[in-house]
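Q: After the structure tokens below, expect a handful of questions from me.
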Amino acid sequence: MKKVLITGKNSYIGQSFKSYVEANYPSEIQVDSISVRGEAWREYDFSGYDAVLHVAALVHKNEKSIPSNDYQAINTDLTIKVAEKAKSADVSQFIFISTIAVYKITEESKISTQTQLIPTTKYGKSKLDAENNLQKLNNDNFCITIIRPPMIYGPNCPGNYKRLSLVANKIGIYPRYSNQRSMIFIDNLSLFIYYILLKKIPGVFIPQNKEYIDSSKLISTIRKVHGKKTLFIPGMESLLYFLMRHNHFLNKIYGSLKVDSNMSSFEYKYNKVSFTESIKKTEI
């Protein structure tokens, strides 16, 4: 049995992964969680763990009101301190949950192997700094795995999906607009992390659902789960595109941001839950 320590006890990813493993692989992986707020975590004994899954982070918020130093302190400096403690305790693998925000992202982005690592947000910059410093700790005895997931959704998830779901359940008329976004259902991500841990796989990975998500299909599927019909009005693409450029939430929902599927190739099948089934599980 592998012993895994999650650093970031209240993280959505951490809590979801722990529940997933305990429900599906209780005899293969033992998961413990600790908070890394404050200084008490420094006294926790990391020895005896096979891996640390680091999920603690200062995530997307109103960046204008948050100093860059805050992102740096939590997403970069704290990450390295936890990794150094894990390495000194002879933990053999450190898994870091990063983000696709480490890439240069434009209004209509497609991330490929040619996309530059030039983050445009404080969040993305702090995560990339952490990645670069973690790679310096990598050796034969301390395996570094970096995961850059796109938008994550699932039951009780925070963020933009939750906001979209609330809107979708109240409003039944939308402009028809075609876009493509990379997303990943939390159970698929948890299974991906399970394989990374079980096989001790190093490297940088971008897991995502098999298919890109079209926002119109996403809205209609959410409403269908709740027994509601949806009306889409054509001919409003130009107006919506204009509004997207001035509204962060609309751009998050209707803008295109997809990762080249070749960058998500993986030797084990982790997309066990289909798009439609994932929305059912998320909504119900």
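Q: Could you check how many percent of all C-alpha pairs in segment 48-206 are farther apart than 24 Å?
A: Counting pairs separated by more than 24 Å, the tail of P(r) holds 42 percent.
Q: Looking at the chain, identify the longest residue range that excludes and avoids all GluC sites (Glu not before Pro) in DSSP loops having at most 10 other Cβ atoms within 10 Å.
A: No qualifying site falls inside 40-266, the longest such stretch.
Q: Right, next: Just by accessible area at a 1.4 angstrom probe, what is the order of HIS246, HIS54, HIS226 from largest to smallest?
A: Largest accessible area first, the residues go HIS246, HIS226, HIS54.
Q: Rounded, prolate or oblate: pick one for segment 59-129, where a ≥ b ≥ c are the square roots of the eigenvalues of its C-alpha gyration tensor, a/c under 1.5 means rounded, and failing that, prolate if a/b is larger than b/c, else oblate.
A: Working: a/c = 3.32, a/b = 1.47, b/c = 2.26.
Oblate, because a/c is 1.5 or more while a/b does not exceed b/c.
Q: Roughly how far apart, in whole Å, are the Cα centres of segment 205-255 and segment 267-284?
A: So the separation of the two Cα centres works out to 18 Å.
Q: If you average the sequence gap of Cα pairs under 8 Å that are 6 or more apart and divide by the length of segment 1-80, what percent do you get for the contact order? Mind dumping the intermediate values first?
A: Values: 95 pairs, mean separation 30.8, N = 80.
This gives 38 percent for segment 1-80.
Q: Report, to one decimal in Å, the Kirkwood hydrodynamic radius for the chain based on all distinct Cα pairs. Before the final figure, lay out the partial values.
A: On the way: mean 1/r = 0.0504 Å⁻¹.
Result for the chain, one decimal place: 19.8 Å.
Q: To continue, here is another question. Pull up the DSSP beta bridges for segment 42-153 and report the antiparallel fraction as a percent, rounded to 5.
A: 10 percent
Q: In addition: Defining a contact as two alpha carbons under 8 Å apart and six or more residues distant in sequence, what relative contact order in percent does the chain show?
A: That works out to 19 percent.
Q: Considering amide H positions built from the backbone, and no H for Pro or chain starts, which residues 5 or more places from CYS143, or on another chain, come under 5 Å of its amide H?
A: GLN93, PHE94
Q: Another one. Please report how far the C-alpha centroid of segment 63-82 lies from that of segment 120-175, rounded to the nearest whole angstrom.
A: 15 Å
Q: How high is the relative contact order of segment 1-146, in percent, with contacts defined as C-alpha pairs under 8 Å that are six or more residues apart? Walk me through the intermediate numbers first.
A: Working: 224 pairs, mean separation 34.1, N = 146.
Normalised by residue count, the contact order of segment 1-146 is 23 percent.
The values are calculated or read from the model by the stated rules, or taken from the named source; none is laboratory data. Being a predicted model, the structure only gives us computed values, none of them experimental. With ideal geometry, Cβ positions are generated from the backbone for all residues, glycine too; neighbour counts draw on all protein chains shown. Remember, those area values only see protein heavy atoms, side chains included, never the ligands or the DNA or RNA. Shrake-Rupley method; radii C 1.70, N 1.55, O 1.52, S 1.80 Å.
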